[in-house]
């Protein structure tokens, strides 16, 4: 018999964690390998158990689910955001962080099972209740941020990634461009902002609202 989809569950509320854990254990083809009470514990347990999918609550202490999803995505671990909230900011924040799916906590057992199996196959899984949020965001143009020192949007994006600590190669992979293209952007933006090195560029990014803690 084929092994089930290995799932890690993270939720800070014990009653929710235990209830969902019981439900997952009853689902055929699903193997609950560990449960976590916050984002930091989720990262530790994911490294230990190597789950196929992480079901991640978004609002937790120590490290919220969105940040944990972002870090798991960087490791290549798939996550499904699981939350009580279905507002635009929560939905889009989780998806931009790298979540492959999004479920509200009132999702039924079969819906959770289908979502976990879809994400384990490399597909996306969105609760129908939140799909309109995604469609609305796609159809609504994002407000244009006024950029300092005549930076282009792409240069500002590169600067933000520098402030996150990414190397040129990592930025190239994130933006799906060549390292040479990234180097060109870096040279141009350094000239525009008067930065001699990455440390000065990071200071500039924070000072001008292009990076956040």
Give the residues of segment 183-193 that are without any contact (Cβ under 8 Å) to a residue 40 or more places away in the chain and under 14 Å from residue 148 (Cα atoms), sorted by residue number. 188, 189, 190, 191
Residue among 84, 66 that alone is touching a residue at least 12 places away in the same chain (Cβ under 8 Å) and crowded, with 22+ Cβ neighbours inside 10 Å: 66
I'd like the residue in segment 167-184 that is in a loop (DSSP other than H, G, I, E, B) and over 17 Å from residue 202 (Cβ atoms) and, out of all such residues, is modelled with the highest pLDDT. 178
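So is residue 47 at pLDDT 95 or above, surrounded by fewer than 18 Cβ atoms within 10 Å (Cβ to Cβ) and within 25 Å of residue 164 (Cβ to Cβ) or not? Steps first, answer last, please.
Numbers: at pLDDT 95 or above: yes; surrounded by fewer than 18 Cβ atoms within 10 Å (Cβ to Cβ): yes; within 25 Å of residue 164 (Cβ to Cβ): yes.
When the stated conditions are applied, residue 47 passes them.
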So for segment 105-127 (the condition being surrounded by fewer than 20 Cβ atoms within 10 Å (Cβ to Cβ), under 12 Å from residue 57 (Cα atoms) and free of Cβ contacts under 8 Å to residues at least 60 places away in the same chain), does at least one residue qualify? no
Check on residue 118, modelled with pLDDT of 85 or more and either out of contact with any helix residue (DSSP H, G or I) (no Cβ under 7 Å at 6 or more places or on another chain) or in the same structural domain as residue 18 (by TED's automatic domain parsing) (or both): yes
Among (1) assigned by TED's automatic domain parsing to the domain that holds residue 91; (2) modelled with pLDDT under 90; (3) at negative phi, there is one condition residue 164 misses while meeting the rest; what is its number? (1)
Those residues of segment 79-99 which are out of contact with any strand residue (DSSP E or B) (no Cβ under 6 Å at 6 or more places or on another chain) and in a loop (DSSP other than H, G, I, E, B), in sequence order: 84, 85, 87, 98
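The values are calculated or read from the model by the stated rules, or taken from the named source; none is laboratory data. Owing to the predicted nature of the structure, the values given are computational and were not obtained by experimental measurement. Neighbour counts are summed over all protein chains in view; Cβ atoms, including those assigned to glycine, are modelled from backbone coordinates with ideal geometry.
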